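Notes follow the structure.
The values are calculated or read from the model by the stated rules, or taken from the named source; none is laboratory data. Since we're looking at a predicted model, the values are computed, not measured. Reconstructed Cβ throughout: ideal geometry from the backbone, glycine too, with neighbour counts over all protein chains shown. Heavy atoms of the whole protein, side chains included, go into the accessibility calculation; ligands, DNA and RNA do not. Shrake-Rupley method; radii C 1.70, N 1.55, O 1.52, S 1.80 Å.
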Amino acid sequence: MSTPEPEARLSVKLRSPWDKSAAWARVLTDGRLELELYDFSPEAQAHMGNDVAWMYRVSPVHMPKLYELLEKRTGSPIVNDEMLLQVIAETFAHAHAVRDWLRENTIPFEEEFDSWA
């Protein structure tokens, strides 16, 4: 019997980089941060054959570094996961901007691309 995937404990809608896309930042029940960008545009259909999605997940062990660097970037203390999501939603233009910032700051994350979203 397989273990069920962790569910979202907290969630906030993010801005999307394109029309016909949607994005979220979530803190999962296992403590990971998950970013999701779902593209249901005609371009995705034309180039990929269907809707697509990108997911980026930061492990709980890297969350203290994420908090520290976001606090430094914004100048505001982040004291809980709800504030973390709010800061991400207010600070970044879209999910790929968060991903790029994670890379720039060497915060490890796993990346998943779903070509059949």
Ordering Phe109, Phe92 from largest to smallest accessible area (1.4 angstrom probe), what's the sequence? Phe109, Phe92
Return the carbon/sulfur percentage of the accessible area of segment 73-117, one whole number, probe 1.4 Å, all protein chains in place. 47 percent
How much of Tyr38 can a 1.4 Å solvent probe reach, expressed as accessible area in Å² and rounded to 10? 60 Å²
Accessible-area value, Trp54, 1.4 Å probe, nucleic acids and ligands omitted, Å²: 40 Å²
So, counting K/R as plus one and D/E as minus one, what does the shell of residues with Cβ under 15 Å around Arg26 add up to? -4
